[in-house]
Structures are given as C-alpha cells and as structure tokens.
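The values are calculated or read from the model by the stated rules, or taken from the named source; none is laboratory data. All figures in this text were calculated on a predicted structure; none of them were measured in a lab. Cβ sites come from the backbone with ideal geometry, for glycine too, and all protein chains shown count toward neighbours.
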C-alpha cells in the first residue's frame with residue numbers, strides 16, 4: 001500500500017511537471033507568435049505597401065489591437081496564475097492543518113483553474129482573430145498593389161530580334177548644325193525660266 005502511494009505521488013509529480021512545462025511553453029509561444037505577427041505587419045508596411053495607399057486600414061488597426069491584447073492578456077494570465085497558486089498553497093496548508101475540508105480545497109482550486117483557463121482562452125481567441133485580420137489585410141493589399149501596378153505599367157511592345165536604341169539628341173549639337181548650314185539663296189523676285 002505504501003509502495004502504491006509512493007508510485008502515485010511520483011506519477012502526480014511527473015504529471016504536474018509536464019503541466020507546468022506545457023503552461024510555460026504556451027505562454028512563450030503565444031508571446032512569440034503575437035509579437036512576431038506585429039513585427040511582420042510593420043515590415044510589410046515598410047517594404048511592400050505604403051500605408052497612405054493601403055486599403056482597409058481599419059483591418060490592420062483591429063489586428064494590431066487584438067495582437068496587443070493577446071500579449072497583455074498573456075501577461076495578466078501569468079500574474080493572476082501566480083497569485084491564485086499562492087492562494088491554493090495557502091488553502092492546501094489549511095487543509096493539512098485540518099482547518100479546511102478537502103471538498104472545499106478541491107472546489108477552490110477548480111474555481112481558480114477555471115479563471116486561468118478563461119483568461120488563456122481569451123488570449124488564444126485574441127491571437128487567432130488578430131492573425132486572421134492581419135492575413136486578410138495583407139491579402140487585400142497585395143491584390144490591390146498588384147492591380148495598381150498592372151494599371152500603371154504599359155504592356156510591353158513586341159519587338160523581335162535585337163533592336164538598336166535611339167540615342168538621345170544633344171541640344172548644343174543641334175543648334176550648331178543648324179547655324180552652319182547654308183541659307184537658301186534663291187530669291188522669290190527672280191523671273192522663272194520657261
């Protein structure tokens with residue numbers, strides 16, 4: 001019986017470490033994805049699309065708000081989780097000192113875990129909506145930019161073989177050649193010969 005209890009405690013410790021690692025990875029990944037998406041959107045505006053020529057800027061603004069909200073909610077989740085873990089530790093100590101019933105302990109811990117779950121769900125939803133809006137903005141603006149470029153570019157004229165470009169005219173050369181050319185000496189007063 002003692003061996004079974006020891007094995008169960010060991011398994012519980014292992015499962016708790018896995019859960020803690022998963023929660024840490026979740027927070028890191030959410031932070032990484034949201035901040036990377038914000039960075040990509042800034043680079044997109046800097047390199048590909050001029051903000052003054054962008055369409056549906058409200059989509060980009062909404063995306064930025066949601067991605068920033070996801071980051072803030074993630075920070076709040078971390079803080080609240082730490083505070084609720086302290087309260088749960090206090091409750092567990094009260095239970096060990098027989099000041100609290102086990103069912104109350106479990107109820108309190110489950111209620112606190114639900115709070116953290118809802119905060120995490122809201123950060124996931126904000127992240128996913130922000131990414132969807134960012135992708136929508138990028139897609140609409142890439143198609144808009146490509147349409148604008150196709151309108152401004154004239155279709156290339158079809159030329160076959162190698163063509164020789166026309167050299168640019170030199171203004172000084174044209175003036176000198178026109179001054180050096182002889183002026184016609186025919187006068188209109190001469191009688192014409194028949």
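Some notes on this structure:
- Residue-level check: of (1) part of a helix (DSSP H, G or I); (2) touching a helix residue (DSSP H, G or I) at 6+ places or on another chain (Cβ under 8 Å); (3) farther than 18 Å from residue 20 by Cα, residue 87 misses just (3).
- Test: residue 69 is closer than 30 Å to residue 136 by Cα and either assigned to a helix (DSSP H, G or I) or out of contact with any strand residue (DSSP E or B) (no Cβ under 6 Å at 6 or more places or on another chain) (or both): yes
- Subset of region 106-144 (residues that are crowded, with 16+ Cβ neighbours inside 10 Å, closer than 19 Å to residue 47 by Cβ and within 11 Å of the chain's Cα centre (by Cα)): 134, 137, 138
- There is no residue in region 120-135 that is outside any loop (DSSP other than H, G, I, E, B), at pLDDT 80 or above and over 30 Å from residue 69 (Cβ atoms).
- Region 1-58: number of residues that are more than 29 Å from residue 73 (Cβ to Cβ), part of a helix (DSSP H, G or I) and modelled with pLDDT of 80 or more: 1
- Each residue in region 95-105 was checked for being in contact with a helix residue (DSSP H, G or I) (Cβ under 8 Å, 6 or more places away or on another chain), modelled with pLDDT under 90 and either surrounded by 12 or more Cβ atoms within 10 Å (Cβ to Cβ) or not in a helix (DSSP H, G or I) (or both), and 3 pass.
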